[in-house]
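One structure below.
Every number here is computed from the coordinates shown, using simple stated rules; none is lab data. Remember, predicted model here, so these are calculated numbers, not experimental data. Here the Cβ positions follow ideal geometry from the backbone for every residue, glycine too, while neighbour counts run over all protein chains shown.
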């Protein structure tokens, strides 16, 4: 049985469709794609936990989000007037620091529905000169911890 493109278009889910009230934690939120994720998700009705190293940028992001139209963002959060919170964290931190930051993030809204692991590391070094822990800790350990 063939399916027409019109049928596919009707049944194709919108990626931002049913996100109202979801709590989304975004790492690497202080600039670039992470920042844009936070804004787009907040406009879709999500509460945002913005995580990065640069707290001043995170505060600017959260101020911008917290000033969005509040009618679009009514949900069942602990504090319905707060749409976004900032949590300072370097993804290269040790496990106990990461756990403490995740605990702080969790306490902001009582749970986390979605994690967007967007943080990365940068620097100009030859790949062969880096140890494997440095290269993979933001990717693997950040998820496991």
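Roughly speaking, what is the stretch gain from residue 94 to residue 82, that is 0.36 nm per residue apart minus the C-alpha to C-alpha distance, in nm to one decimal?
Using 0.36 nm per residue and subtracting the Cα-Cα distance, I get 1.4 nm.
Calculate the spin-label point distance for residue 33 paired with residue 67, positioning each point 7 Å from the Cα along the beta-carbon direction, and give it in nanometres.
Between residue 67 and residue 33, the simple spin-label model gives 2.8 nm.
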